[in-house]
Each structure stands twice: as structure tokens, then as C-alpha cells.
Amino acid sequence: VDLAWNLLSSVIPTELGRAASVTLRSNLLSSTIPTQLGELDQIQPGRARLSNPFSLASNKLSSTIPTELGRLTKMTTGFYFHSNKLSSAIPSQLGQLTKMTRLFYLHSNKLFSAIPTQLGRLTEMAEYEYSASPGTWYAPLLLYSNNLCGTIPSEVTALSGVNMGALVLTSGNELLGSPCPTMAPTAAPTAEPTTAEPTPAPTMTPGPTPAPAVSPTVSAQPVGIPTPKPTDTVRCGAGKGFNGTQCAPCPMGKASGVNSNVCGDCEQSTFASKPGSAFCSVCTPPWSTRSTAATNCDAAEEGFYLADSVDAKRDREYVNCEKASDSETVYNGSTVYDGMHAVCSCPLGATCGGGTTLESLWLKEDYYRHTALTPEVLRCPGESGECRGRRISTAVNCSTGGSVGGSVGGYGNLTTHSDGNAAVASGGHVTVKCPSSGGNATASLCTRFEYSTCAVGYTAPLCSRCSPNYYRDAITRRCLHCASAATSIGAILVAVGVIVNLIIYTGGLRESARRFEKRNTDSIMLTQTWGTMLLVTYQVLVNLAIVQRQAGAKEYPEPMRSVVRSIEFITGDIFSLFNIGCNGLTSADFVTTLMFATMVPNFLVTLSIIAAAFAGHEGSSWFRRLLLKNVFMILHIILPNSSTTIASAFLVTYFDNGDGTRDGFMSVDMSIPAVCARGVLHRRYRWIRTYAALQVVLVPIGCPVLLLILLWVHRRRIEARRTRRGSPDLKALAFFFRLYDKKTWWMSLVDAVRRLVLSSLLLVLDRANQLLAALGVSIVYVLMLREIGPHWDAASDVLSYACGLLIIVCILTLVFANAGESLTESGKAAAGVGCFVVNIGVLVLAIWLVVARWRKKRAVAPGA
């Protein structure tokens, strides 16, 4: 069990007593130590980490050390209980760990007792040794920095490898050598008597070791320290090293033991903040050091990063942070932390190696960071690979003021910040951190950090837009170069329409088509009606996917996602029909889309008003009927998409700059700035919002109101009609009411409102409530269909009911797709398949109804 370097703060489970090894160091555990850990009788190196088979170090444990831990008799190394708040006596049962050779650490606690004589049984303890690689000291037994008292047992001082006096025992234990204060007996006395009284022959002078001390060899020397002669028997004592001529205090960042004459570098995550250190102090996790030979804790360990401020106020909005307390800032009179930084957990989507700072966060692929000074890491909503993550490239030259390194990596000229310490490329994708001298950047090589760079063909925040000369493929949703653009769907549809009309009019089929239409008017109209019903249903499914995409949520799982993307053109979006960006409008953005989406309905409404004005003129009836029929049909198709485009103009996505300010961009098109760092609207966006507010009145509100007025004025004739379309003067409006019964003509208005709610109005809601609102509206609509039966014929009721159920199933599929980890990927895939199957079922039902209708027509009129 290895859960080291986390932020665990709960109790230690007793079930860990069944494990082969336990490593819980560097957490925030503050509970008692379970006695069941004494059942780890098989624990030994090789079962987990070689040197850390049993580690509870660097937590906040304040309980007693269970006597049951004396059963771990197979342990040979790695008993880590240091850097906690343990305040009990040292159990004498720990003397049963007779196979321990080194790394028996109980230091930096609050242990309050005499040293048990039973620890003298640890006769296998190795010498206190220095390893040139990685350049660190390995100690056998460390008890310093506790509240130990009484006389040091001679059995302990006689141990080979523990003969180092102040290093392992007396430092930080000021009461050693003095009688222990009288204390109440513990609730669980040890099984064997401890040395609460002085031993028969106490001595403060270490006894001779069983084996003669060995002088350090050449291989044991750290780089840069002179090697003593083989015959040299100089022992400088703790905290000193031999410099070739004499013993001198070890410099900061180095330490030496009693039996050594070499000052070795403190290993990673340890430090020596003052000269003459006998040992290296351990940084409290998650603090660490940038390198060996450190003089204080100046970095974050793996899985964390070093914040730019001591309170990490901005960082705490996104991640958990921890700063050194005042009591930890100074240790044994030495400065441990500089008091200028905090350590924060690595954001989701980033990788933090040892020594990571806020500026050097390594972003994973598909994640984005707006500036190198912000801890806000966002997942890119597009397809995988659009956001490449941060890359570290070669160094560039920094100069004071002006440009820095010229044009770098295609990002334009780099200019220094006003503080002279950083340079940022225009476009906000590159940050260069430069050494500072007197507040100005010095002309030197600096590491260039690229954060959240976009893949080729993508631009804008979150890599959400296609670059100039690129277009977004309707099915794959990837940006492709215009040179590789296939024929657009709109061009194909236009070509097919032209060819069909040419065949009819030039091939002599016009009169035959008219006779066929006259004989089968009702069947053709019913087929068109059912086709319109399916078209409206699939428009709803497509608009739901578009709303989810704009909200940064997940779309339908496959295979339904590919189906919906392949028919997005049915919404009437001209950019989906034609590759506008590759056909002369390379600089087209959302403003172009907004103009197209609003000009068409405005133009159509104007035509309808003109047609109404000619109502009283002789010979104008054919013009009115033809014009209004097509105007209303086109408005019916494009209204949801135009309304969605208008509503998108009011959505703004904000990005943290890391300096207390935020930049806002239009959510639908992040190449358009909306709100500057000062919170002021950009001039262009202010114009966009004003224009969109006017269009809200004219399109999503005005069009349904116009429909209501037209139907209400003609309601009596609509209710009195004998056929679907009614009298000839109602032919222009028949597109709306021909589907419904005489008394339920108003369902066309209900359907129009439903389509608006399931598209543009969902954008008003937050992401968490969009699907909930869509599901509620769809269920109410289906219940109305079932209870009222509003259609002209029963077959239309059945098909409409099936289409309503399809929408509900697909909404539930979107809910499952966004369920996160609460639903497995296989479950989400199953939901996508289910939605696809229901979709096929509805299509089969529609085809069967059409075929049955035409067969019935032929049966009634076999000679036709």
C-alpha cells in the first residue's frame, strides 16, 4: 500500500494490518496508529519500496507508538516514524527488531521518556555511512529533536554505528543526562522494564565500537572535497570536515557525522541552513528542495508546485495550498522557509515534477492555461489533440526593454513586461522568464515556456477556432485546410435541386408531374407533413448537441454523435451548408454568422408584410399565396437556429490572468474579446450585444407573436375547414395548421415554442440545468400528445408520439454521457447505441406509414 505524498487527512484503516507493506508518508494524517499494524509480520524490503516498507513519516500523528509494532521482527530497514507529533514513551518492545540495520527513524517528534535499554539489542545496526551517489548520509538510528530525558543507556551507546553522540541522540533532547520528570504511569505499560533509572554504569562517552572505524575511501567522497591520505586518521567530529590541512565547520548545505572528516551534501528534500551542521534537517512535505546541498526548503516535491505568494490566495480558488506556519519557519534557530511562497497541489490536467513552479507547470495534452501566471487549468472542449499542452523549447535571448529574441516560433516579437522579469509574445501563447537585475531583465539566455499551444489549424483561447484558410469539418469537427476541402453539402444540395428541375422542365415531365400531383394531392401532402415532423425532430436533436457543445459539455456518444453531426446542415446554418471560410470570407467570424442568421428572417418577415399589403390588389392573390407559403415554410425551418445564434451573443467565457484580473471572450467565438481585464466591455462586443438585443425582439419573440396573430385572426375559418388545408385563402397558412385537427390548430404555436425552448432558451440556463429543463419540456409535450391526440389523423398522432419519445431517449443519452465517473464508459456507449436504435425504429415507423398510405391510395383507386 503506497499512498505517499497525498493530502490524506482521515484515520488510518485497521485493515492495513493485512498488507505486505505500508507507505503513508507525507500526508495530513492525525489519527492514532492502529495496533493492527503490528500484524505486518511479513513486512520486509523487496515487497514494496526497497527502503520504505513501513513509513508513516511526515504526518501529524500525535498518538502513542503501539507496543505491538515490536512483532515486526523481519524488518531490516526503513522504520520511518519521524516528523510527526508522537508524544508517548518509546516502547521497549521495539528492541525486538533485532534485524534492523539502518533507517530506524523516530526523530522530530515529542517523545517524552528515557531511552529503553532494550534498543541496545539492535546489534545489526550498520555504520553511519556516506553514499557518493546520490550524495547523502544514511543513518542507522535517529532519535534527535524529541523530549527524551534520563541517562543514555550504555547498551545503546555501545552499538556499532550509533557511536555518534550529538548527531542521533542529544541534539534537540535538552533533558538527556537529567532525571526524567515524574509522570503518571501509561495506560499500556511495556512488557519489559525500561531504563527509567540510570543504568549501573552510565556514561556519556561513547564506548569503543566492536570493529575499528574505517576512514572514508575515495568513492565515498562527494565531488569537490579533497580526499584524505589513506593513513590519515583525523576525526574532526560532528559538523566539521577536513579541508586538507585542518578541520573546519561544514558550510551551509553540507553536514558530517562524528566519525567522519567529510562534509557531504544534504540529499534532496533535506537542508542545512547554518554552518557546522552535524545532520541535515528534513523538509516537511510537501516542501522539498530544488537540488542537493540546499540551505532551506525552497521548492515543492513531486505532485505539487511552488506558488508565487505566501498566502496563495488566487491559487486556492482552483487547488489546495499549504503554507509554512510560523513555528515551522524557524527550526533550531535556522531559517527553514523563506516565508514568501506556499506549496499547492498540482492542478488536474497538469504534471508537476519535483521543483515545479507556477510558471513551469507542464500541461497535458487537451488542456489549456490562459497565461503562465494562472493556476487555472481547463480542459479543451474540442476533439483530442487540438490543444497540444505546454512544451519547453530552446532558450532565447532576453534584452532589457524592447523586443526579446525577435520572432520566436511564429508567435511574433516578444516584449518585456513592465517589471522587466518576463516577456510575452503577442497573441498570449508564449511566456519567457528572464533573470532580473535591479528590476530589469538582463541580456542572457532564458528558458522559453509555451503554454497551451494549439495544433496547426487552430487558434483562440481553448484552441476553439479554426485559423484563417481552415474550415471545420461538419462530421469530424476538426479544422482542415481549405486546399483539402471537399465539396460542401450546400453545393451538393443546390446541384441536385438544379438537376432535378432541369430534368422535369426540359424532359417533358412537367405536365406528367402536375397530373400526378393532382391525383395524389392528399398522399403527397401527408408525406410532406410527416417529413416535416421528422425534420423538426432531428433539428431538435441537432440543436441539443450544439447547446451542449457551446456549454463545454459532452455530445452524444457514438454512433449517434456521427449521425447528428452529419445532418447539422438541416438547422439552416449557412456555415454548415457552405464552407464560407474557404470561399472568399477567410476572416469570417461570429459577426458574419450573426448577420446571416438575422438578415434572412428579417427579410422574410418584411416580404410577408409586403404580401399582406397587396392583399386588396387585383391579381395579387397568386403572388401572396406563393410568397407567404414559402416565407412561412423557411421561417419555420430556420427559426430555432437563428434564435440560438442570437442567444449565443450574450454568453461570455472568462479566463484568469493570474494577476487578479480576468479576460472575457465570446463563448461562441473566442477570437472575439468581450470583456477586458479592467471589466470593461470591448467596443466591438458592445455593438454585438446591442444588435443581438434588438434581434431578440424581432426574431425569437417577434416571429412566434406574428404566427399567433395570423392564426388567431383566421381561427374561425381554420376551425370550420373541411379539409386539411381549408379554403384557398388559407393556403398560405396551411403549412402551420394542416397537421392538426380543427380545434387544436394552436398546437402549431406550442410546437414552435417547444423548439425555441429546446434550442436558444437553454443557453440562458447554466450547464447543470440545461438537460433537466429539456427533459421536463419534452415529457410535458409527449403527455400532451398522448392525452389530446391533436393531429388530423391517428397515424400522425402515432408518429408524433414516437418522435417525442425519441427526443426524451436522446436527452437521457446526453445525461448519461455527462455523468462523469458515476457511469462507466461502456454504459455511456450503450446509451449511445440505444439512442441510435430508437432513431432507426422511428425512421422505420415513418417509412412504414408512408408505404401503407400509398398502398391504401392505390387500393381505393386502382385505375389511377
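Some points to look at:
- Accessible area in the full protein assembly, largest first, 1.4 Å probe, for 848, 287, 362, 712: 848, 712, 362, 287
- Take each peptide in 632-641, 240-249, 659-668, count the other Cβ atoms within 10 Å of every residue, and average; sorted highest first, the result is 632-641, 659-668, 240-249.
- Residue separation of residue 823 and residue 599 scaled by 0.36 nm, minus their Cα-Cα distance, works out to 76.2 nm of gained length.
- Residue separation of residue 697 and residue 812 scaled by 0.36 nm, minus their Cα-Cα distance, works out to 38.2 nm of gained length.
- Peptides ranked, highest mean first, by Cβ atoms within 10 Å: ranges 344-353, 114-123: 114-123, 344-353
- Between residue 713 and residue 364, the modelled labels are 6.1 nm apart [label points 7 Å from Cα along Cα→Cβ].
- Ranked packing of 546-557, 757-768, most packed first, by mean Cβ within 10 Å: 546-557, 757-768
- Residues residue 687 and residue 532, FRET efficiency given R0 of 35 Å [Cβ-Cβ distance, rounded to 0.05]: 0.40
- Once the chain from residue 775 to residue 521 is taken as fully extended at 0.36 nm per residue, the excess over their C-alpha distance is 87.7 nm.
- With the simple spin-label model, which puts each label point 7 Å out from Cα in the Cβ direction, the residue 720 to residue 837 separation comes to 5.2 nm.
The values are calculated or read from the model by the stated rules, or taken from the named source; none is laboratory data. The structure presented is a predicted model; accordingly, all values stated were derived computationally and were not measured. No Cβ is skipped: glycine too gets one built from the backbone with ideal geometry, and neighbour counts run over all protein chains shown. Just so you know, the surface numbers come from the protein's heavy atoms only, side chains and all, with ligands and any DNA or RNA stripped out. Shrake-Rupley method; radii C 1.70, N 1.55, O 1.52, S 1.80 Å.
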